[in-house]
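Peer 1: Sharing a structure here in structure tokens format.
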Amino acid sequence: MRLDKFLKVSRIIKRRTVAKEIADKGRISINGRVAKSSSDVAIGDTLVIGFGNKTLTVKVAVLNELTKKEQAGEMYTVVDESYKESY
């Protein structure tokens, strides 16, 4: 499954266009490698996503083409969520 579609379906990022922009700016990596929006995501991959002052690390658990809102959280496991300190 494409990275931008996974982020939208799993509801980590609300819109696919926003997921594409973030990925194309180099703020997402898959297993330690910078990823583009068209990169393939597989079960077991670790994604590191940079949102401004927040960094989210998740592990892909399930790949579904469509999910309900309540089941979206089951597609991944949050490994780490950290924030940069602002001064």
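The values are calculated or read from the model by the stated rules, or taken from the named source; none is laboratory data. Everything numeric here is computed off the predicted structure, so don't read it as measured data. As a convention, Cβ positions derive from the backbone with ideal geometry for all residues, glycine included, and neighbour counts pool all protein chains shown. The accessibility values were calculated without ligands, DNA or RNA, using every heavy atom of the protein model including side chains. Shrake-Rupley method; radii C 1.70, N 1.55, O 1.52, S 1.80 Å.
Peer 1: Run ILE12 past the list (1) under 15 Å from MET75 (Cβ atoms); (2) open to solvent by less than 90 Å² (accessible area, probe 1.4 Å); (3) in contact with a Ser or Thr (Cβ under 9 Å, 6 or more places away or on another chain) and report the number of the one that doesn't hold.
Peer 2: (3)
Peer 1: Which count do you get for residues in the stretch 21-30 that are open to solvent by less than 90 Å² (accessible area, probe 1.4 Å) and under 11 Å from the mean Cα position of the chain (by Cα)? Break it down into steps so the answer makes sense when it comes.
Peer 2: Of the stretch 21-30, the ones open to solvent by less than 90 Å² (accessible area, probe 1.4 Å) are 22-24, 26, 28-30.
Those left that are additionally under 11 Å from the mean Cα position of the chain (by Cα): 22-23, 28-30.
Adding up the residues that qualify gives 5.
Peer 1: Please identify the pairs in which a residue from the stretch 1-19 that is at negative phi has its Cβ atom under 6 Å from the Cβ atom of a residue that is β-branched (Val, Ile, Thr) and surrounded by fewer than 17 Cβ atoms within 10 Å (Cβ to Cβ), counting only partners at least 6 apart or on another chain.
Peer 2: Within 6 Å, the pairs are VAL9/THR67.
Peer 1: Identify the residue in the stretch 31-81 that is among the hydroxyl-bearing types (Ser, Thr, Tyr) and open to solvent by 30 Å² or more (accessible area, probe 1.4 Å) and, among all such residues, is nearest to VAL9 (Cα to Cα). Full working, then the answer.
Peer 2: So in the stretch 31-81, the residues among the hydroxyl-bearing types (Ser, Thr, Tyr) come out as 37-39, 46, 55, 57, 67, 76-77.
Pick out the ones that are also open to solvent by 30 Å² or more (accessible area, probe 1.4 Å) and you get 38-39, 46, 55, 76-77.
Values: SER38: 15, SER39: 15, THR46: 17, THR55: 20, TYR76: 11, THR77: 14 Å.
So the residue we want is TYR76.
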